[in-house]
1. Which loop-located GluC sites (Glu not before Pro) does segment 212-278 contain, where loop means any DSSP state but H, G, I, E or B and the Cβ has at most 15 other Cβ atoms within 10 Å?
2. Where Lys and Arg each count +1 and Asp and Glu each count -1, what net charge lies around Gly255 among other residues with Cβ under 10 Å from its Cβ?
3. What shape does segment 29-90 have by the C-alpha gyration tensor, where a ≥ b ≥ c are the square roots of the eigenvalues, rounded means a/c under 1.5, and otherwise prolate means a/b greater than b/c and oblate the rest?
4. Given only helices, namely DSSP H runs of n ≥ 4 each adding -39500 (n - 2.57), what is the per-residue ellipticity at 222 nm of the chain, to the nearest 500 deg cm²/dmol?
5. Using 0.36 nm per residue of separation minus the Cα-Cα distance, give me the extension gain between Met333 and Ile173 in nm, one decimal.
6. In nm, to one decimal, how far is the modelled label at Glu281 from the one at Arg363, with both set 7 Å along Cα→Cβ?
7. So, for segment 18-161, what is the accessible surface per residue at a probe of 1.4 Å, expressed in square angstrom?
8. Can you flag which of Lys171/Lys196; Lys40/Lys171; Lys182/Lys254; Lys171/Lys191; Lys229/Lys254 are past 22 Å Cα-Cα?
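The values are calculated or read from the model by the stated rules, or taken from the named source; none is laboratory data. Note that this is a predicted model, so its numbers are computed, not measured. As a convention, Cβ positions derive from the backbone with ideal geometry for all residues, glycine included, and neighbour counts pool all protein chains shown. Just the protein is used for accessible areas: all its heavy atoms, side chains included, with ligands, DNA and RNA removed. Shrake-Rupley method; radii C 1.70, N 1.55, O 1.52, S 1.80 Å.
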Amino acid sequence: MSCSIPEPSEPTSTVPPVPSSRMTGEESLAQMTTIAVGGKAARVVTATTEDELVDTIAQADHEGTPVLVLGGGSNVLASDEPFDGVVVRDGRREITTLGDDGCGGAQLRATAGTPWDDVVVYAVEHGWMGVEALSGIPGSVGAAPVQNIGAYGQEIAETLASVRVYDRAEKRIRTLFLSDLKFGYRDSILKRSIGKFGASPRYIVLSVELHLRRATLSRPVGYSQLAGKLGIDLGERAPSSDVRAAVLELRRSKGMVLEDADRDTYSLGSFFTNPVLTEAEAAQLPEEAPRFGVAKHDAVNQIGAAAPQIPGQVKTSAAWLIDHAGFHAGYNMPGPAALSTKHCLALTNRGGASAADIVRLAREVRDGVQARFGVRLVPEPVLVGLEI
């Protein structure tokens with residue numbers, strides 16, 4: 001029996017849009033980032049159509065004006081100095097079902113300005129598997145493939161089919177497929193072009209297409225903390241809605257779900273990536289240091305299947321290294337910049353912190369870990385006008 005592919009449907013979910021009026025004049029990046037630091041921007045534009053978004057960026061590039069394309073601001077650490085350029089925000093918030101059949105699974109498209117967690121909610125409510133463990137990650141859809149977001153054993157690389165982008169070098173709209181993106185651990189070809197084209201990548205994400213499996217149960221849970229929270233054994237499956245609830249509870253316990261009243265959430269999430277080492281480098285760590293295989297998530301041959309391991313690579317825990325180098329949760333309290341009281345991997349603004357305060361703390365932690373273990377931590381956020 002053959003399977004027919006349905007015609008793309010009309011949008012089945014539209015998130016309330018950002019107001020269509022443009023913001024002009026000076027706006028502070030501290031007001032637009034979750035860590036609440038950063039200087040003023042000379043100009044801020046909220047685009048409500050793809051044409052407006054592309055035209056704004058193209059015009060700025062033509063004039064030689066610096067461009068910062070900003071989503072939820074959850075992964076950007078900006079200098080205290082003014083940003084003498086244009087901050088561009090994507091006000092389009094739309095999720096569209098492209099297909100949903102028994103053989104081909106489900107396909108959806110989300111515009112770059114859509115909050116990422118809205119995509120997870122959409123998938124879970126429709127009975128689609130593949131992104132449930134990515135619940136609660138702040139930020140926008142447009143930022144998700146740049147960082148190759150991941151959590152609790154899942155990465156967006158497992159379900160991403162293609163990305164529609166504006167190529168600033170070739171000055172045209174293109175479609176990049178999974179194989180074009182060269183995903184790595186918290187890395188992609190999109191991220192690697194940051195710096196060469198200023199604070200934002202060469203390829204500006206306009207929309208993302210995901211291919212998901214029809215299933216109300218999650219993929220097999222491969223993360224022990226999540227399995228324990230669900231009360232199941234590793235490798236077992238659970239209803240995706242239960243997985244989402246458990247992930248949100250775990251993230252909230254670590255201050256990783258945004259709450260205005262909780263200063264631990266005035267952060268950029270995990271500030272350092274988990275180091276990926278050679279086997280020889282990993283052998284130099286203390287015996288009790290965590291060691292994990294490094295998965296190649298873009299090589300998953302069936303949605304929900306385990307990702308193959310990359311030979312010769314070992315991942316260790318940045319949080320373990322930080323804690324065992326003497327930087328415990330709450331280090332440098334009362335602030336103004338301190339490690340989260342819940343999770344030593346997050347650098348937080350306790351109130352009134354400047355970007356310089358955050359950088360000093362990040363440098364102290366990085367250098368302390370290197371002195372203790374010989375491992376140099378790499379910051380995960382995009383740095384604007386700063387160096388660690």
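1. Working: sites: Glu236, Glu249, Glu259; in loops: Glu236, Glu259.
Taking segment 212-278 and a limit of 15 other Cβ atoms within 10 Å, the loop GluC sites (Glu not before Pro) found are Glu236, Glu259.
2. After counting each charged neighbour, the total is +2.
3. oblate
4. -6500 deg cm²/dmol
5. Between Met333 and Ile173, full extension yields an extra 52.9 nm.
6. Going from the Glu281 label point to the Arg363 one covers 2.3 nm.
7. Values: 4770 Å² over 144 residues.
Roughly 33 Å² per residue, with all protein chains present.
8. Lys40/Lys171; Lys182/Lys254, as the Cα separations exceed 22 Å there.
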